[in-house]
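Peer 1: Got a structure for you, questions after.
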Number of protein chains: 2
Amino acid sequence: MLAEIITIGDEILVGQIVDTNSAWMAQQLNLIGIKVKQITSVSDDAEHIIEALQLAQKRAKVIFITGGLGPTKDDITKLTLARYFNMGFRRDEETLHHIEGMFARMNRPMIDLNRQQADVPDGCTVIQNKNGTAPCMWFESDGNIIVSMPGVPFEMMYLMGEEILPRLKNAFKLPFIVHKTILTANIGESFLATEIEAIEDSLPNHIKLAYLPKLGQVRLRLSATGDDEQILKQEVEDFAQKMIAHIKPYVVVEDDIALEKAVLDVMESRGLSLSTAESCTGGYIAHLLTKHPGSSVVYKGGAVTYANELKQSILGVSETTLIDFGAVSEETVREMAKGALNHFKTDYAVSVSGIAGPGGEAPGKPVGTVWIAVASKNGIVSKFFQFGNKRIQNIERSASAALVMILNELKRNTI
Amino acid sequence: MLAEIITIGDEILVGQIVDTNSAWMAQQLNLIGIKVKQITSVSDDAEHIIEALQLAQKRAKVIFITGGLGPTKDDITKLTLARYFNMGFRRDEETLHHIEGMFARMNRPMIDLNRQQADVPDGCTVIQNKNGTAPCMWFESDGNIIVSMPGVPFEMMYLMGEEILPRLKNAFKLPFIVHKTILTANIGESFLATEIEAIEDSLPNHIKLAYLPKLGQVRLRLSATGDDEQILKQEVEDFAQKMIAHIKPYVVVEDDIALEKAVLDVMESRGLSLSTAESCTGGYIAHLLTKHPGSSVVYKGGAVTYANELKQSILGVSETTLIDFGAVSEETVREMAKGALNHFKTDYAVSVSGIAGPGGEAPGKPVGTVWIAVASKNGIVSKFFQFGNKRIQNIERSASAALVMILNELKRNTI
């Protein structure tokens, strides 16, 4: 079954916000066997919204609309939907009651604009939005289902997860889509393709292979569509293992999880702890790790030592090393890792020092120069990287390289 | 003038990657007076790509296509464009030369798949992609310009910035679009709307106001379109100042910059330094600060103290405090801020301790309980927050609240 997503809001079209909702919705829909055919972002403009809806109704069975439900004048989704479906308005008492409750709990006065959020097109089914004041509206028309939700991510996520997906699962008998992802590092997309060409050519029609490159990593994703979930899983697993046999040295993890989650999982399973000592990555590695629930079992903490004084005072890097070799050097990064290991009392410590740019280059050390070290009871390994001249990209690449280095050390070592 | 963006790739439609390219492109286009009418994400499917192109050509003058240019079989953009424009293929010698050079510099062997990236539809103009192997292709057809670029963000950004935007500026006489953004905190969208209703109603047709809410912050954006940049700037500024006069206590910064950049700017202008002591935000505040070039002038570093032992050893929080009041308490967060101030020797220090969830709740301390403190020579202020039950959102809200607290302290204090 096909779905489409229409996101409404000038803020997306002027680039002031990035649409993260659509990716999340697509993931959730795929899990229950609904494929997203198209994602369309349109402005807060009635004619444009109506055109997008008409076209989407021709291509897909279910249409999800996010955004444009705020209480202010620039939000016109509700008015436009009433016009599109030729409906009048009614005040939904349950919604009004819920909004009044929210304001009472926050001890804030209500104004007419807030009450008007309880007005809905009279032919829709209202789904209560527990996390906000804009109601979710479910329309059925010409064999299509059209669901309008607020654009605030956690409101949308709650509504999709708790209300809409269960209703869709009940309403349709859906085929299964099974995905399997293999995360690789340190090999280019075209080399991977050559290594597994024969396997790719042998894939049956209902199994697709995609290459998803990202900063030194390539994700391979096999997707199979059909009616028998168990058979699909087995087929996908068989093809995945055939591919892995050809590219084993480059496989980081056989799962659709983030690199840092792979580090956390391996370390947790072996009862190991980790700390960080970051200079150019500025806390980004710590953030990646701590985004994940339960990370505290493995990750104990770390230091962000932008200033040299902190490299000395928190991590115990010697002044002589900093003077003789500079902050971005193998010697410094090794002392940082060792300092983190000793001071933070963890089994592993990772350290990064580099020049993220655009400023900061030194003779022989252009922007993008990065040293990374991993320390453990097994010793210290350190590695040099020369990335490019973009700051954010250098931060992300360094973090990614550091995580791959930890995983490689974990593979090499028994403790 | 209107533009559209078409992003091609199953990886967007299955939600495996978030489309960040479109927002960046839209921002850049707005700056030169080109409005994005629609953003459309379609799959690696020839018929679907062609349908999207035909519709976009009816609505917009310029169409930007990203993605689907990799060397592997799932990338079909180039073949589809040749078919759409009814063109044959030619091997572009300059592109081939460039690809050969890239492989030689990386000391990697070339395979046929790599050479084939130099094959382009014979009626297009090739724009060299210095950062990658997939060439950028510029087509002109029926009065439209269609530009196909790789989907890898830094390749696309380079091509847009250095090649495509300058060519568009030369080719068209464009109207100006002037934006002005006011960032507010601690006031709801509908209350803001009521406060400035009269001003909003008095806006002329060529000036639009948008509300962009995000986790305790609301951005107000005025956008004016016209031919005289100076007049537009003046008009927008006048309306902005009228609005600010009504909502002054809630205005954080009068600029379209991130909250943390506002902190860095104010502190840099006053020669002040900052350190961080993060527990539940896990390095996210450090990351937000260090994302910005030049942040090292203000930000010296900090600690991520997930484990209580590190709160003691790095920040000097007393064991008694941790035992008597717990890690998530006013007493602990104040000692964390004071410890960071003293040990990291900065003018200001900010600390956060809370329960991000989903686990970790304690009696009287549900998930979402957060304490934040800011320490400086002026003393220590601390504040309690009760956020929700979503981990990522709690991390982001805590960071946002911490940054607003620093800004408020900077407003209150002279040093």
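Peer 1: Specify, per residue and in Å³, the volume enclosed by the convex hull of the alpha carbon atoms belonging to the protein assembly as shown.
Peer 2: 173 Å³
Peer 1: Report the relative contact order of segment A:277-337, percent, no decimals, based on alpha-carbon pairs under 8 angstrom and at least 6 residues apart.
Peer 2: This gives 31 percent for segment A:277-337.
Peer 1: Something else: I need the Debye-formula profile for segment B:186-298: one equal scatterer per C-alpha, no solvent, reported as log10 I(q)/I(0) at q = 0.11, 0.13, 0.15, 0.19 1/Å, two decimals.
Peer 2: Log10 of I(q)/I(0), two decimals: -0.49, -0.65, -0.81, -1.05.
Peer 1: If I take the rotation axis that carries chain A onto chain B, which residue of chain A has the nearest beta-carbon, and at how many angstrom?
Peer 2: That would be A:Gly283, 2.
Peer 1: For helix B:46-59, what angle does its Cα long axis make with the longest principal axis of chain B, in degrees from 0 to 90 and rounded to 10?
Peer 2: 80 degrees
Peer 1: Give me the residues in segment A:51-87 whose solvent-accessible area, probe 1.4 Å, is reduced by at least 20 Å² once all protein chains are included instead of the chain isolated.
Peer 2: A:Glu51, A:Leu55, A:Arg59, A:Pro71, A:Thr72, A:Lys73, A:Asp74
Peer 1: In whole Hz, with x marking every Gly and Pro, tabulate ³J(HN,Hα) for segment A:297-304 from phi via Karplus 6.51 cos²θ - 1.76 cosθ + 1.60, θ = phi - 60°.
Peer 2: Working through the residues one at a time gives 4, 9, 8, 9, x, x, 10, 10 Hz.
Peer 1: Now for a different question. Can you classify segment A:320-415 as rounded, prolate or oblate using the Cα gyration tensor, where a ≥ b ≥ c are the square roots of its eigenvalues, rounded means a/c under 1.5, and otherwise it's prolate if a/b beats b/c and oblate if not?
Peer 2: Numbers: a/c = 2.46, a/b = 1.48, b/c = 1.66.
Oblate.
Peer 1: Which semi-axis lengths, in whole Å and largest first, follow from the square roots of five times the eigenvalues of the Cα gyration tensor of segment B:16-73?
Peer 2: 21, 16, 9
Peer 1: I'd like the FRET efficiency for B:Thr20 and A:Thr320, computed as 1/(1 + (r/R0)^6) with the beta carbon distance as r and R0 of 45 Å, rounded to 0.05.
Peer 2: My answer for the efficiency is 0.55.
Peer 1: Cβ under 13 Å from A:Ile355's Cβ, A:Ile355 left aside: what net charge do those residues give with Lys, Arg +1 and Asp, Glu -1?
Peer 2: Details: positive: A:Lys365, A:Lys390, A:Arg391, A:Arg397; negative: A:Glu361.
Surrounding charge for A:Ile355 is +3.
Peer 1: With +1 assigned to the C-beta of every Lys and Arg and -1 to the C-beta of every Asp and Glu, and no other charges, what is the dipole magnitude of the protein assembly as shown about the Cα centre in debye, to the nearest 20? All intermediate terms of the calculation are to be shown ahead of the outcome.
Peer 2: Values: 82 positive and 100 negative charges, 282 e Å.
Once rounded to the nearest 20, the dipole reads 1360 debye.
Peer 1: Each residue of segment B:140-157 in order: what ³J(HN,Hα) in whole Hz does its phi give by Karplus 6.51 cos²θ - 1.76 cosθ + 1.60, θ = phi - 60°, with x for Gly and Pro?
Peer 2: Whole-Hz 3J(HN,Hα) from phi for segment B:140-157: 10, 7, 6, x, 9, 10, 10, 10, 10, 10, x, x, 5, x, 6, 5, 4, 4.
Peer 1: Might you tell me the accessible area per residue for segment B:353-415, computed with a 1.4 Å probe and given in Å²?
Peer 2: About 43 Å² of surface per residue is accessible.
Peer 1: Enter the angle in degrees (range 0 to 90, nearest 10) between the Cα long axis of helix B:229-247 and the first principal axis of the Cα atoms of chain B, meaning the one along which they spread out most.
Peer 2: Between helix and principal axis, roughly 30 degrees.
Peer 1: Still on this structure, please answer the following. What full-extension length gain, to one decimal in nm, is calculated for A:Glu162 and A:Lys61 as 0.36 nm per residue of separation minus the Cα-Cα distance? Spell out each step's value before the answer.
Peer 2: Working: separation 101, 0.36 × 101 = 36.36 nm, distance 2.06 nm.
Stretched fully, the A:Glu162-A:Lys61 segment lengthens by 34.3 nm.
Peer 1: Can you list the aspartates and glutamates whose alpha carbon is less than 15 Å from that of A:Lys365, not counting same-chain residues fewer than 8 positions off?
Peer 2: Result set, ordered by chain and number: A:Asp324, A:Glu330, A:Glu331.
Peer 1: I've got another one for you. From the label point of A:Lys377, set 7 Å along Cα to the beta carbon, how far off in nm is each other copy's matching point, shortest first?
Peer 2: 4.9
Peer 1: State the Kirkwood hydrodynamic radius of segment A:77-130 in Å, one decimal place, computed from all pairs of distinct Cα atoms.
Peer 2: For segment A:77-130, the Kirkwood estimate is 11.9 Å.
Peer 1: Cα centroid distance between segment B:350-415 and segment B:231-247, in Å?
Peer 2: Rounded to whole Å, the Cα centres lie 32 Å apart.
Peer 1: At the nearest 100 Å², what buried accessible area, both sides summed, do you get for B and A when the probe is 1.4 Å?
Peer 2: 7000 Å²
Peer 1: Might you report the magnitude of the Cβ-based charge dipole of segment A:320-415 about its Cα centre, with Lys and Arg at +1 and Asp and Glu at -1, to the nearest 20 debye?
Peer 2: 260 debye
Peer 1: Here is a further query. Shortest first, in nm, what separates the label point of A:Glu229 from those of the same position in the other copies (7 Å along Cα→Cβ)?
Peer 2: For A:Glu229, the inter-copy label distances come out at 5.8 nm.
Peer 1: Can you figure out the FRET efficiency of B:Gln116 with B:Glu47, using R₀ = 25 Å and their beta-carbon distance, to the nearest 0.05?
Peer 2: Numbers: r = 23 Å, r/R0 = 0.92.
Here the calculated transfer efficiency is 0.60.
Peer 1: Another question, if that's okay. If contacts are Cα pairs under 8 angstrom and at least 6 residues apart, what is the relative contact order of segment B:69-171 in percent?
Peer 2: Normalised by residue count, the contact order of segment B:69-171 is 24 percent.
Peer 1: Using only Cα atoms and rounding to the nearest 10 degrees, what angle (0 to 90) does helix A:93-105 make with the longest principal axis of chain A?
Peer 2: Tilt relative to chain A: about 40 degrees.
Peer 1: Another question about this same structure. Just from its helices, what would the mean residue ellipticity at 222 nm be for chain A, if runs of 4 or more DSSP H residues each count -39500 (n - 2.57) and the sum is divided by every residue, rounded to the nearest 500 deg cm²/dmol?
Peer 2: -11500 deg cm²/dmol
Peer 1: Then there's this: So which aspartates and glutamates can B:Lys345 reach, going by Cα to Cα under 19 Å and dropping same-chain residues fewer than 8 places off?
Peer 2: A:Glu278, A:Glu309, A:Glu319, B:Glu268, B:Glu278, B:Glu335, B:Glu409
Peer 1: What are the nm distances, shortest first, from B:Met110 to its equivalents in the other copies, labels at 7 Å along Cα→Cβ?
Peer 2: In nanometres, ordered from closest: 7.0.
Peer 1: When chain A is treated as a GNM, springs tying every alpha-carbon pair under 10 Å, which of A:Thr225, A:Thr194, A:Thr276 comes out with the largest mean-square fluctuation?
Peer 2: A:Thr194
Peer 1: Within the P(r) computed for chain B, what percentage of the Cα pairs occupies the region above 35 Å? Walk me through the intermediate numbers first.
Peer 2: Working: 39620 of 85905 pairs.
That fraction is 46 percent.
Peer 1: Further, regarding this structure: Segment B:152-238: which trypsin sites (Lys or Arg not before Pro) are DSSP loop and have at most 14 other beta-carbon atoms within 10 angstrom?
Peer 2: Values: sites: B:Arg167, B:Lys169, B:Lys173, B:Lys180, B:Lys208, B:Lys214, B:Arg219, B:Arg221, B:Lys233; in loops: B:Lys173.
Answer by residue number: B:Lys173.
The values are calculated or read from the model by the stated rules, or taken from the named source; none is laboratory data. In this text the structure is predicted, and so the values were computed from the model without any measurement. Using ideal geometry, Cβ is built from the backbone for each residue, glycine included, and neighbour counts are taken over all protein chains shown. Surface areas here come from the heavy atoms of the whole protein model, side chains and all, with no ligands, DNA or RNA. Shrake-Rupley method; radii C 1.70, N 1.55, O 1.52, S 1.80 Å.
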